[in-house]
1. Rounding to the nearest 20 debye, state how big the charge dipole of the chain is about its Cα centre with +1 on each Lys and Arg Cβ and -1 on each Asp and Glu Cβ.
2. In nm, to one decimal, how far is the modelled label at Asp5 from the one at Asn124, with both set 7 Å along Cα→Cβ?
3. By how many degrees, 0 to 90 and rounded to 10, does the Cα axis of helix 184-198 deviate from the longest principal axis of the chain?
4. Given the -39500 (n - 2.57) contribution per DSSP H run of 4+ residues, what per-residue ellipticity at 222 nm results for the chain, rounded to the nearest 500 deg cm²/dmol?
5. Given R₀ = 22 Å, what would the calculated FRET efficiency be for Ile62 paired with Ile193, taking r from the Cβ atoms and rounding to 0.05?
6. Can you give the longest run of the chain that contains no trypsin sites (Lys or Arg not before Pro) sitting in a DSSP loop with at most 13 other Cβ atoms inside 10 Å?
7. Enumerate the lysines that Lys172 could reach by cross-link, defined here as Cα to Cα under 20 Å, with residues fewer than 8 away along the same chain left out.
Amino acid sequence: MELIDQLVQSLTVYAIPLVLAITFHEAAHGYVAKRCGDLTAFRLGRVSLNPLRHVDPIGTVIVPLVMLIGAAAAGTPGFLFGWAKPVPVNFHALRNPKVHMAFVAAAGPAANLIQAIVWGVLLNLLGASGSEYLVAVATAGIVVNLILMMINLLPILPLDGGRIALSLLPDKWASNYARLEPYGFPILLVVMIAHMQMGILDPLLNGAGQAFVHLLRLGA
């Protein structure tokens, strides 16, 4: 029963921030693609803040749930990660494919950064007098969005960081780099397993967290 109680508590805290983080991330990709000339996502109804249009049964539900169960069983905060159905983008339809590819890719992590800031402002407004539940949700919102932002910025195709790197490379290098995309998911899987075993991403995530806290202090 204790494990179930911990799982239910984690779900009530993380469900809203995670769904919002993924929804805004994907909608931002579609919105920027539309502004840059590609209407693919718009025509498929993916430029939407309706979470049901973006939910992936495995990435949005099963994987985060398994990670929460594992964290609850271990009695640790764990490492929460998930994804939505990728927004389809026809890069050839963009007005300036190479440049606009970077804009479209960066839109998702930018949406997560903005959400983390909003959650941080809310956390500051709540202060010490805020309800324990709302403070926990706001804190989860910051953590979830920073993790999604940093993971997606890894220079691994087809992640957003890989798309940004592809757009910045000279054409010859970009062509060779693009050939690595079929291996992107296995590489990411190895990185995630290595992180959970050895915390290899901790310096990156901790650095992002410290930079975010400093940013909030400057804005206070």
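None of the figures in this text is laboratory data; all of them are computed from the coordinates on show. In this text, all values refer to a predicted model and were calculated from it rather than measured experimentally. Backbone-built Cβ (ideal geometry, glycine too); neighbour counts: all protein chains shown.
1. Working: 12 positive and 10 negative charges, 187 e Å.
With only Lys, Arg, Asp and Glu charged at Cβ, the dipole is about 900 debye.
2. 3.6
3. 30
4. Estimated from H runs of four or more residues: -23000 deg cm²/dmol.
5. The pair Ile62/Ile193 has a calculated efficiency of 0.85.
6. 1-94
7. The reachable lysines, counting only those whose Cα sits under 20 Å from Lys172, are Lys98.
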